């Protein structure tokens with residue numbers, strides 16, 4: 001991905017090393033199997049790109065999953081989180097990369113909101129943290145992984161996640177990382193459009209299997225939105241290089257519910273899917289990438305995912 005020397009977003013909040021407390025020590029295995037997002041004032045399922053993460057950690061290290069889950073309720077220690085002083089560009093390449101990708105999503109979604117809705121796009125903040133972080137949706141340890149909190153409209157990311165994506169789940173590459181960021185920004189778009197609220201309200205009235213199925217549709221739409229972003233970013237700035245699309249598709253496959261369940265428990269339980277299978281995640285990302293159109297991302301009114 002061509003990203004060096006381009007505009008960086010000013011919406012990155014760096015809270016690494018600021019005393020967030022908790023987390024850490026387990027290598028940071030973090031992948032999705034929760035309900036998708038936390039909401040302010042109430043506890044929801046583990047979200048982001050995390051229940052399978054807890055199971056995987058337990059399998060690798062032989063520890064009680066309950067100990068990890070209890071860590072998601074609140075930090076054991078630590079005072080108020082404070083943002084670090086701004087870093088000079090070039091001194092932290094991975095942070096710079098994140099800031100460039102976030103800027104690309106801002107540029108793309110400003111244009112898409114204007115064209116499709118005649119509205120202004122409200123940019124999210126992206127919070128970098130290490131170990132654990134407090135948000136408007138509660139406290140999250142590193143096991144939760146990247147997540148979006150609609151309560152404060154921020155994306156949260158522990159950069160160590162990218163190392164795990166490359167080393168443990170064999171999904172390397174800068175565009176794989178960009179896909180993760182764009183997916184979480186996709187949830188911000190869903191919040192701005194009122195989609196997340198409708199899904200949350202509908203899920204509360206449904207039995208578990210049907211609620212899970214609705215979450216799958218929400219997550220696959222975020223994948224499609226990530227593809228739409230990639231389409232517009234490449235058309236405007238020629239950011240894609242050879243192999244980039246394969247990197248994103250490999251990452252989408254690595255975090256599919258079927259792949260993660262097979263790794264964690266040796267079997268697949270489709271009724272418990274909340275993010276979609278590997279094939280579904282790839283399919284919807286490619287659909288958004290090919291079309292560049294939001295109307296091609298209507299996962300809620302299609303029979304076939």
Seminar exercise, completed: Taking Cα pairs closer than 8 Å and at least 6 residues apart, the relative contact order of the range 132-243 in percent is 18 percent
Seminar exercise, completed: Assertion target for 97, 162, ordered by fewest C-beta neighbours within 10 angstrom first, is 97, 162
Problem set entry | Packing-based exposure ordering (other Cβ within 10 Å, fewest first) of 91, 274, 191 | 91, 191, 274
Seminar exercise, completed: Quick note on 110, 187, ordering by fewest other C-beta atoms within 10 Å, gives 110, 187
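Bear in mind that the values in this text are calculations on the coordinates, not laboratory data. These figures come from a predicted structure and were not determined experimentally. For neighbour counting, all protein chains shown are included, and Cβ atoms are generated from backbone atoms with ideal geometry for every residue, glycine included.
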